[in-house]
Amino acid sequence: MAFSHILRGSRIGKNCVIGQNVMIGPDAEIGNGCKIQNNVSIFKGVKLEDEVFCGHSCVFTNIYNPRAFIERKQEFVSTHVKRGATIGANATVVCGVTIGQYAMVGAGAVVKSDISDHAVVAGVPARQIGWACKCGTTLKFHDKNSVCKCCGSKYILNEKGLISQDNCEMNDTVK
């Protein structure tokens, strides 16, 4: 946590790893077990649920239309990153979006809209290119069914989205 700053009102959960040159807050919310790599700033209005991974130098914004000569602190827009999501190195998350549970944002992507649970997105702007298992492995589908090659979790893709077929602690329905 060398050269990092935690500003007033910020809440950081248990067992988090915070890299060097990280700035959190004021009033940011970080869940348990998060990993925030070097050179990340998490501003007021950003909420990370448990076990979120923020890659090196990923960026969160908090204003849609900033100007140096106009004070807009009253216009901060909230961003919500749900449990287990991964944001790749140098990705940019534009304020006002929700990144779903266990979603994966590719390195360098620019997220301008909400990301579904388990979605894999990449590019500028970020577009969905696949689905990820809770363990992070990219899923391959056969007739709308997938079994994770790494952990064995089972999923079905239907008109409602991705649905977990495993009995686990989470409800994995993706819309």
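Per residue, the average separation of C-alpha pairs within less than 8 Å and at least 6 apart gives the chain a relative contact order of 11 percent. Placing dummy labels 7 Å off each Cα toward the beta-carbon, the span from SER113 to PHE141 is 1.8 nm. Of the trypsin sites (Lys or Arg not before Pro) found in the stretch 1-75, those in coil by DSSP whose Cβ has at most 10 other Cβ atoms within 10 Å are ARG8, LYS14. The phi torsions of the stretch 94-106, fed into the Karplus equation with coefficients 6.51, -1.76 and 1.60 and a -60° offset, translate into couplings of 6, 4, x, 9, 10, 9, x, 4, 6, 5, 10, 9, x Hz, rounded to whole numbers, with Gly and Pro shown as x.
Past 32 Å, Cα to Cα: identify those pairs from LYS14/LYS140; LYS44/LYS144; LYS14/LYS160; LYS44/LYS149; LYS14/LYS144; LYS35/LYS73, in the order given. The pairs that break the limit, which is 32 Å between Cα atoms, are LYS14/LYS140; LYS44/LYS144; LYS14/LYS160; LYS44/LYS149; LYS14/LYS144. Computed over the chain with a Gaussian network model linking Cα atoms closer than 10 Å, the most mobile of CYS148, CYS95, CYS135 is CYS135.
Just so you know, all these numbers are worked out from the coordinates, no wet-lab data involved. Everything numeric here is computed off the predicted structure, so don't read it as measured data. When we count neighbours, we look across all protein chains shown, and the Cβ atoms used for this are built from the backbone with ideal geometry, even at glycine.
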